[in-house]
């Protein structure tokens, strides 16, 4: 049995796409730039808000415009990150079942750390032993730095933990951290892409995760 389960946030435990899209489009409106559809924003997310903005602005934008747009996006999203966002069905129950078995749980995300902690407090009260988002001086996923910090906080080794995510970034993060990865198919990436990116284990529902964890 694993001693810890580390979750990604967006597309894994939370459906954040509408709030992210609204925040991107607010930024585009303020900047006088074209807005984007849900599906377009779905393809932009996964590597942090800065990369999301880089992908959202028109080709040829200056670095100064990108930084201005990023500041607008961060500020707006921080105050509007929990308007339409909701946990995926069964996720809260899954985390509680895991914790009942004495297994530690954590969430790490490339979104801003303040937003990560706010969403954990508001939607997953007492569900996680540790949470970490984009923090100055810490490389983002797929670098293993965030996972290493998390494992140290949980007092576990890589072979004692398993990572659960929804994207190619999560697959690379787990591989870089010498961990097995469960890739969920209900998130922001489709099954074909996940397989192309080397998914270890694909699951379509919560019950399959419980079987893998032997709970």
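Computed from the coordinates by the stated procedures, all read-outs in this text should not be read as laboratory data. Keep in mind it's a predicted model, so treat the numbers as computed, not measured. Cβ sites come from the backbone with ideal geometry, for glycine too, and all protein chains shown count toward neighbours.
What the table below lists for this structure:
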{"read-out": "Equivalent ellipsoid semi-axes - Cα gyration tensor, the chain, angstrom", "value": "29, 17, 16"}
{"read-out": "Mean Cα-pair separation over length for region 148-205, i.e. relative contact order, pairs under 8 Å, 6 or more apart, %", "value": "31 percent"}
{"read-out": "Degrees between helix 17-31 axis and first principal axis of the chain (Cα, 0 to 90, nearest 10)", "value": "20 degrees"}
{"read-out": "Per-pair calculated FRET efficiency, R0 = 35 Å: residue 62 and residue 93 via Cβ, rounded to 0.05", "value": "0.15"}
{"read-out": "Largest-first principal axis extents, alpha carbons of region 17-79, Å", "value": "26, 24, 21"}
{"read-out": "Hull volume in cubic angstrom per residue (convex hull over the Cα atoms of region 1-122)", "value": "108 Å³"}
{"read-out": "Degrees between helix 145-154 axis and first principal axis of the chain (Cα, 0 to 90, nearest 10)", "value": "40 degrees"}
{"read-out": "Relative contact order for region 1-119, counting Cα pairs under 8 Å that sit 6 or more residues apart, in percent", "value": "42 percent"}
{"read-out": "Kirkwood Rh in Å, taken over all unlike Cα pairs in region 7-48", "value": "10.8 Å"}
{"read-out": "Backbone N within region 121-156 under 19 Å of label point (7 Å from residue 200 Cα along the Cβ vector)", "value": "141-156"}
{"read-out": "The chain: calculated mean residue ellipticity at 222 nm from DSSP helix runs of at least 4, using -39500 (n - 2.57)", "value": "-13500 deg cm²/dmol"}
{"read-out": "Relative contact order (%) - the chain, alpha-carbon pairs under 8 angstrom, separation at least six", "value": "25 percent"}
{"read-out": "Cα long-axis angle, helix 63-79 against the chain (0 to 90 degrees, to the nearest 10)", "value": "60 degrees"}
{"read-out": "Principal axis box of region 100-215, alpha-carbon based, largest edge first, Å", "value": "33, 32, 28"}
